[in-house]
Amino acid sequence: MRLDVRGSLLSDLFRIGGVLLAISAPAGALDPSYQGYAVPAATPGLTPDFTLEVRLTDPAGLPENVPKAQAELVWDDPRLRLRGEGFEGELDFAAGAGWLCQGPGSTCYRVAVQLILARRLLPRRGFLVHGAGLVREGRGFLFVGPSGAGKTTVAGLGGLPILSDETCLVRIEADGAALAG
């Protein structure tokens, strides 16, 4: 669903692991891989589980000198405030909506999406895993371990399709576990 919300701000619906997200962002701001989760624009009557507005702003107006390792996540149930070098935002899980300001070229919105998914997946018997996932003969395989352990290297050795080399989504379904990148 592509809607012109304000000038070049566009809203898309994505279904990721059974969670329906409405993400509005300036044209071209989202990673192209999100299009694999896009819901057809002609699908009527859908209510998003969460709406995220991604705003691009002048980096001078964003927090500075906050090293990545010291980014702040402040939980004030049901709100989560995010602040770090070059980004800030708030996710309100009761309202099912949030916003994130980031500098041009930043991909901080991916962290916000992962936080939203982590919160919305639990009641749906799902969770996120730091790992590399691949597919062989219709079955998913997940390689987990700390950063630098070789997950991506091992997943790439077989020449098989890789779902993700960073974060995978696992959902427990009636017929077993489902894996997505």
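The values are calculated or read from the model by the stated rules, or taken from the named source; none is laboratory data. This structure is a prediction, so every number in the text was calculated from the model and none was measured. In this analysis, Cβ positions are derived from the backbone assuming ideal geometry, glycine residues included, and neighbour counts consider all displayed protein chains. Accessible surface is based on the protein model in full, side chains and every heavy atom, while ligands, DNA and RNA are left aside. Shrake-Rupley method; radii C 1.70, N 1.55, O 1.52, S 1.80 Å.
Out of all the residues in region 162-181, which are surrounded by 11 or more Cβ atoms within 10 Å (Cβ to Cβ) and either among the charged types (D, E, K, R) or not in a strand (DSSP E or B) (or both)?
165, 166, 171, 173, 181
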Filtered residue count, region 107-139, keeping only those that are open to solvent by 30 Å² or more (accessible area, probe 1.4 Å), touching a residue at least 40 places away in the same chain (Cβ under 8 Å) and of a type outside the set (A, V, I, L, M): 7
Can you tell me which residue is most open to solvent (accessible area, probe 1.4 Å) among those in region 21-54 that are without any contact (Cβ under 8 Å) to a residue 40 or more places away in the chain and in contact with a Phe, Trp or Tyr (Cβ under 7 Å, 6 or more places away or on another chain)? 37
Here is a list of conditions, (1) part of a loop (DSSP other than H, G, I, E, B); (2) modelled with pLDDT of 90 or more, and residue 66 meets all of them except one; can you say which number that is? (2)
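Name the single residue, out of those in region 142-151 being crowded, with 16+ Cβ neighbours inside 10 Å and not charged (D, E, K, R), that is nearest to residue 50 (Cα to Cα). Working first, answer last.
From region 142-151, those crowded, with 16+ Cβ neighbours inside 10 Å are 142-143, 151; that's our starting set.
If we keep only those that are not charged (D, E, K, R) as well, we get 142-143.
Details: 142: 27, 143: 29 Å.
Ranking the qualifying residues of region 142-151, first place goes to 142.
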Look through region 79-106, keep the residues that are hydrophobic (A, V, I, L, M, F, W, C) and touching an Asp or Glu at 6+ places or on another chain (Cβ under 6 Å), and return whichever of them is most open to solvent (accessible area, probe 1.4 Å). 99
Among the listed residues 106, 147, identify the single one that is within 28 Å of residue 78 (Cα to Cα) and assigned to a loop (DSSP other than H, G, I, E, B). 106
Report, by residue number, each residue of region 90-103 that is within 20 Å of residue 20 (Cβ to Cβ) and part of a strand (DSSP E or B). 91, 92, 97, 98, 99, 100
Checking residue 123 against (1) over 30 Å from residue 56 (Cβ atoms); (2) assigned to a strand (DSSP E or B), the condition it does not meet: (2)
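For region 126-139, which residues satisfy the criterion of being part of a strand (DSSP E or B) and of a type in the set (Gly, Ala, Ser)?
Our first condition is that a residue be part of a strand (DSSP E or B); within region 126-139, this holds for 126-136, 139.
Matches in region 126-139: 126, 131, 132, 133.
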When residue 29 is run through (1) modelled with pLDDT of 85 or more; (2) within 27 Å of residue 180 (Cα to Cα), the failure sits at (1)
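Would you point out which residue out of 49, 58, 12, 4 is modelled with pLDDT under 80, touching a strand residue (DSSP E or B) at 6+ places or on another chain (Cβ under 9 Å) and not hydroxyl-bearing (Ser, Thr, Tyr)? Don't jump to the end; show me each part of the working.
Details: 49 fails: modelled with pLDDT under 80; 58 fails: touching a strand residue (DSSP E or B) at 6+ places or on another chain (Cβ under 9 Å); 12 fails: modelled with pLDDT under 80.
Every option except 4 fails the conditions.
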